[in-house]
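Remarks on the structure that follows.
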Amino acid sequence: MANILLWVAIYLFPFIRLATLIRRKKTFSLQKKRQTWIYIIEIYYSSLFFTMLITKFEDNYFWLWNGENQIEVLLERFFLSFAIYQLFILVKRKLDSSAEIDSYNSMKVFCIRLLHLKEHEDLVNIQALIEHTREKIINDDQIMINEKSLKVFEIIDNTNPESPHFSATVQSLIVDLEHSIECESLYWMESFLLNIFK
């Protein structure tokens, strides 16, 4: 019985700790602790789950308290699972993040070209560039664009290039795109749960 209680504590401790943090008043320090515990829960439970799967395939039982394995064997499987999960996260998030950054950079270059044309009061080429980009988006022709970049394009498309606010609008959108590019490089982006709950 004591052995089962120990395993229940091992399975539930991170959730209990996070629950105590959620109930407290929000501060910057508390938000950092919550993010840390969300990340710990993600890696802990994913590693624990994969450890249980490995144990099921090798020893034919799923729940770790049912077995006779030594703690060294379980720890070896746990850290192997942790390494595999971290490698998966690294590859998946890097590829996803690269696609997002590519989309933001494409839209940023589009905005910079518009500003350059606006400085020279070249309204014909501004309209031509907007039309060319719209056609590429509609035809899905060699352009990788995410939802946020698409919204940026829609704002520009709905703004009159002759308006005195056109340049300020485009510059504001460039700042937003640069912020999005910076966010993609933050470490918390390499966690599935932090991406969901942040």
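The values are calculated or read from the model by the stated rules, or taken from the named source; none is laboratory data. Keep in mind the model is a prediction, meaning the values are calculated, not measured. Positions of Cβ are generated from backbone atoms using ideal geometry, with glycine treated the same way; all protein chains shown enter the neighbour counts. Accessible surface is based on the protein model in full, side chains and every heavy atom, while ligands, DNA and RNA are left aside. Shrake-Rupley method; radii C 1.70, N 1.55, O 1.52, S 1.80 Å.
All of 124, 175 fail the test of being among the β-branched types (Val, Ile, Thr), open to solvent by 30 Å² or more (accessible area, probe 1.4 Å) and more than 29 Å from the chain's Cα centre (by Cα), apart from 124.
Kindly provide the set of residues from region 130-152 that are open to solvent by 30 Å² or more (accessible area, probe 1.4 Å) and touching a helix residue (DSSP H, G or I) at 6+ places or on another chain (Cβ under 8 Å), ordered by number. Within region 130-152, 134, 137, 141, 142, 143, 144, 145, 148, 150 meet the criteria.
The C-beta contact set for region 172-185 (first residue more than 12 Å from residue 109 (Cα to Cα), second residue open to solvent by 60 Å² or more (accessible area, probe 1.4 Å) and not charged (D, E, K, R), distance under 9 angstrom, 6+ apart or interchain) comprises 181/105; 184/98. Screening 118, 108 for residues that are part of a helix (DSSP H, G or I), in contact (Cβ under 8 Å) with a residue 12 or more places away in the chain and within 30 Å of residue 191 (Cα to Cα) leaves exactly one candidate, 108.
Every residue in region 27-44 that is farther than 16 Å from residue 75 by Cβ, of a type outside the set (A, V, I, L, M) and open to solvent by less than 80 Å² (accessible area, probe 1.4 Å), please. 27, 29, 31, 34, 35, 36, 37, 39, 42 - these are the residues of region 27-44 that are farther than 16 Å from residue 75 by Cβ, of a type outside the set (A, V, I, L, M) and open to solvent by less than 80 Å² (accessible area, probe 1.4 Å).
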